[in-house]
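As structure tokens, the structure follows; a few thoughts come after it.
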Amino acid sequence: MHIPSSAGNLVGLKVDSHHHFWDLTRFHYDWMPSGESILKRNYTPEDIIPLLHKSMIDRTVVVQAHESLEEANWILDLADENAFIAGVVCWVDLVDPKLCSVLDDLMARPKFVGIRHGVEHDEDQEWLTRESSRNGLKELAARGIPYDVLIRPHQIKQIPFLADQIPDLKMVIDHISKPSIASGQMEPWATDITEIAEIPGIYCKISGMVTEADHNRWRLRDFKPYVDHIMDIFGFDKLMFGSDWPVCLLASTYDDVVKVALGTVGEISVSDRDKLMGQNAIDFYGLNVS
């Protein structure tokens, strides 16, 4: 689907704050769809490099796709081998008694920048509120490690409680928390996410939207009400672009995901576009982009 692009107007360093790699010979990804799928092949740095060049993206943040320390070390190794990867968000078992030792090891890796747990598909849908989980998240806060929040709209209400319990935890909401764009449903998502946008230090990624829309018939206007709302409540100081590649390939090309982000935010200042498309990710994750 072709969407006019305004990427050429960008001035600052451009960062894709959210994409993945995977290797089906190394790991089994339970979350992948059953049957044949475009996702069921290996996706490695060689696959994304030409896409980054086409969309004029300078740096990226790789986010975990498998819940294991083996994957964490694998993607950190890929980051060491590829200069365009500025940061890696890993998975760790946040209720592991050896968590501090595990984090010590990860923090020794120069491109380690954050942690994510798949709250949206955890068997315990109240995982974020459990004392054991909070204890692990408190350790992230004490170390200044950012936390990517992967949730569905029905879990948004857990975030104010979490923020109250751990006020120093740096959080970013992945994929605007995955509202039902395909159905056009705004509530209660819009009201609930407004409440968390008011919490200091919480960012939000404009990412993962195309796969929440009709994969075959989406239009730019489908995303506009959601992005308008996110812009209004978070402001451009706390928003960042992410492609969610290669998951986005279920519904779109990489290039069009970039164009969706820029097309939905519309005519904004160069300063705000630079924040959205790079600077906020650099600041939030503390990326070394020199």
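Readers should treat all values here as calculations from the given coordinates under stated rules, not as data from a laboratory. As the structure is a computational prediction, the values presented were derived from the model and not from experiment. Glycine also receives a Cβ, built like all others from the backbone with ideal geometry; neighbour counts cover every protein chain displayed.
Through the Karplus equation 6.51 cos²θ - 1.76 cosθ + 1.60, θ set to phi - 60°, convert the phi angles of region 139-149 into ³J(HN,Hα) values in whole Hz; use x for Gly and Pro.
5, 4, 4, 5, 9, x, 8, x, 10, 7, 9
Using the Cα gyration tensor of region 155-290, with a ≥ b ≥ c the square roots of its eigenvalues, what is the shape: rounded (a/c below 1.5), prolate (a/b larger than b/c) or oblate (neither)? Before the final figure, lay out each step's value.
Details: a/c = 1.68, a/b = 1.19, b/c = 1.41.
Verdict is oblate for region 155-290.
Full-extension gain between ARG41 and ASP168, please, as 0.36 nm times their residue separation minus the C-alpha to C-alpha distance.
Working: separation 127, 0.36 × 127 = 45.72 nm, distance 3.90 nm.
Between ARG41 and ASP168, full extension yields 41.8 nm more.
Consider the candidate values (1) 28.5; (2) 16.9; (3) 14.0; state which one is mean projected area of the Cα convex hull in nm² computed from the structure displayed.
Answer by label: (3).
Can you tell me, using C-alpha contacts under 8 Å and at least 6 residues apart, the relative contact order of the chain as a whole percent?
Values: 507 pairs, mean separation 67.1, N = 290.
Relative contact order for the chain comes out at 23 percent.
Of the listed pairs LYS238/LYS259; LYS40/LYS138; LYS205/LYS259; LYS14/LYS98; LYS14/LYS178; LYS138/LYS238, which have alpha-carbon separations greater than 27 Å here? Could the numbers behind the result be given before it?
Details: LYS238/LYS259 20 Å; LYS40/LYS138 36 Å; LYS205/LYS259 15 Å; LYS14/LYS98 37 Å; LYS14/LYS178 24 Å; LYS138/LYS238 22 Å.
Violating the 27 Å limit, Cα to Cα: LYS40/LYS138; LYS14/LYS98.
Near the amide H of TYR203, under 5 Å away, which other amide H atoms are found, from residues 5 or more places off or on another chain, if H is placed in the peptide plane?
Excluding prolines and chain starts, which carry no amide H, the hits are MET171, VAL172, ILE173.
Cut-off is 10 Å between beta-carbons; in what order do HIS28, HIS20, HIS175 appear when sorted fewest neighbours first?
Numbers: HIS28 7, HIS20 21, HIS175 24.
Ranking HIS28, HIS20, HIS175 by Cβ neighbours within 10 Å, fewest first, gives HIS28, HIS20, HIS175.
Out of all DSSP beta bridges in region 7-285, what portion is antiparallel? Express it as a percent rounded to 5. Please list the in-between numbers first.
Working: 1 of 24 bridges.
Of the beta bridges lying entirely in region 7-285, close to 5 percent run antiparallel.
How big is region 19-171 along each principal axis, measuring the range of its Cα positions in Å and listing the largest first?
The Cα atoms of region 19-171 stretch 43, 37, 29 Å along their principal axes.
Give the order of THR44, THR129 when sorted by the count of other beta carbons within 10 angstrom, beginning with the fewest.
The order, fewest Cβ neighbours first, is THR44, THR129.
Per-residue HN-Hα couplings for region 252-266, Karplus 6.51 cos²θ - 1.76 cosθ + 1.60 at θ = phi - 60°, whole Hz, x for Gly and Pro?
Each residue of region 252-266 in turn: 6, 7, 4, 4, 6, 5, 4, 5, 4, 4, 6, x, 6, 6, x Hz.
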